[in-house]
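For reference, the structure is listed below as structure tokens.
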């Protein structure tokens, strides 16, 4: 695991530990006479009594399911007690008993809590496997609460393993499952995690989208406290994106709500965020006035931390306006508050900033005192970078007004660290300061050496030539006394060189002509090969276009043939069957006695069945409902029809389907959904299906998930249905993913570009 992964793992581990106490226990809810008191103890965290009662059950009970439930409860209470080894052992024993009793509900609950425990311990790979099994049981048994919890943990695992797309997909699955729960706070928590993860991943547009949904849900829940934190959070997202007007709108909404409930803390936060917004736009006057408002509330509420931060911000703005007396006053107030809070690091940073306000010779002792205090604090905190920063500020001050020798010592103590850190900018600053200092102490040799080092770092392209010139000047200074002899030698050499140059020029002309000829030949060869490559690329493009045209012709021909057959069935065979039914009814009316004959009754039933079958086939072949009412209505009707006529519940979750406007996409999505549902009905033996169609970020996602018996995609040969789906998806430049395992249900994910 690299450094970035380790940081993510530690962050998520601490996040999980912080929320573990808020995670509710899982209550199995069986054998009330035996476990009701124990379940109450688990909810109230009566650890000692629960351990004793569960241990008694394990000693007296022989039934595997009861022993498994007792072990499961012991595992949960061990997690509450921070005894992870005991929790692991208890979960292992519960797994053994639940497997022996084939108790699937218990296994679903167990693997969710077990995966959560493994995640907290940093075993992310095993946590992912346990959560995958929990999701399988939750889908199969319709355990929506377990599905929400498991998908959220799975998202955290994917985040640690740096698989953001999989993390987002898991959270979206959790959001879909939360829609089945009566408690809308579950959806609120998932939306919050989605928005936060998208923000952390730098996908501001998606983060904003889910924050907007989160705010609408909190409005419905009347969650005032949550809204007071979300309005500034969404405003900050808009500010990061550069949408300052939209950011301001969110802050205004926050102001309205905070003023209506008289929440001074939220008002203080909103004033500070609004100030930061104006500061980002370099509107200094408005930024300063809002910081002043935030400061006034902070002072009235004795909020020293916010007060110190506001004083520091106001001081930095005073520096920009060249108002040093005001800046010094604010910095000193911020410093006093940070020292009162015991925040040594922030106090040290303020001292460094404050020292920059004392740059005259008379103020040298004050600035030096501030910097020495900052260095002492930074050295205690072992913050090397900040310590070096403070040392360099002090060195510059010493060279400017104090002791050049002390300044040189400070700079030289930093150089080795800058070299090990490969901080070229700081090294350049160090060499420049040393060159200035040695020049002041009349050591031109060292000043020249450090100036050379400075120039090498400043401009690597020209530094070599500059160094050569300096060396030539030194040599010229050492040989001034031999000028006459050298001059005579140079004249002779120049004459010889002139003759040589004349001959070389002639040779150069000849060589140049040959070189131009060679370059012309090479260029012609290059152009010839380039044309061959371009022609080959054109051929490949034409092949792909031909393949696309063939696919288009096949798909369009298939749709036309479907419509023709559907019309023939509906208008031809359907009409004929209707006529036969009318004739039979007519005969029954004329000969009432015939209605008692079993054969006549059977014939009427068969005619009714045939009419219904022809109607279903014709509508499947020629979906009038798609043409007349649109894709969302057609899919909803298909799902409701299946739920109403078969022992199978089909849930349809649409999102922004109205953005799909082309007929080709509508027909393709309808046909794929139709084929998948037909396969589930015929082969999966499922009891529940989720059909989710969403349009987001320019992509269409069709997710069809069932709790059936599943299959191994690698061992199943493609039939006509799967081939048709692959052809349609390939034609539209999309992708088809199948995730299925025996006895664990199946998931089909189709992604198509919207445009």
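Overview of values
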| read-out | value |
| --- | --- |
| Number of the condition not met by residue 362 [criteria: (1) free of Cβ contacts under 8 Å to residues at least 24 places away in the same chain; (2) in a helix (DSSP H, G or I)] | (2) |
| Selection count where residues are within 34 Å of the chain's Cα centre (by Cα) and either surrounded by fewer than 16 Cβ atoms within 10 Å (Cβ to Cβ) or not assigned by TED's automatic domain parsing to the domain that holds residue 704 (or both), scope the range 633-654 | 4 |
| Wholly enclosed helices (runs of 4 or more DSSP H) of the range 81-165 bearing at least 3 residues within 20 Å of residue 30 (Cβ to Cβ) and in contact (Cβ under 8 Å) with a residue 60 or more places away in the chain | 104-120 |
| Wholly enclosed helices (runs of 4 or more DSSP H) of the range 244-316 bearing at least 3 residues over 22 Å from residue 212 (Cα atoms) | 264-280, 284-300 |
| Number of the condition not met by residue 325 [criteria: (1) farther than 23 Å from residue 239 by Cα; (2) exposed (fewer than 15 other Cβ atoms within 10 Å of the Cβ); (3) at pLDDT 90 or above] | (3) |
| Some residue of the range 672-683 being surrounded by 14 or more Cβ atoms within 10 Å (Cβ to Cβ), in contact (Cβ under 8 Å) with a residue 40 or more places away in the chain, assigned to a loop (DSSP other than H, G, I, E, B) and touching a helix residue (DSSP H, G or I) at 6+ places or on another chain (Cβ under 8 Å) | no |
| Verdict on residue 204 being surrounded by fewer than 19 Cβ atoms within 10 Å (Cβ to Cβ) and within 14 Å of the chain's Cα centre (by Cα) | yes |
| Tally, over the range 304-316, of residues that are farther than 13 Å from residue 346 by Cβ and surrounded by fewer than 20 Cβ atoms within 10 Å (Cβ to Cβ) | 1 |
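The values are calculated or read from the model by the stated rules, or taken from the named source; none is laboratory data. What you see is a predicted model; the values in this text were computed from it and never measured. We place every Cβ from the backbone using ideal geometry, glycine too, and count neighbours over all the protein chains shown.
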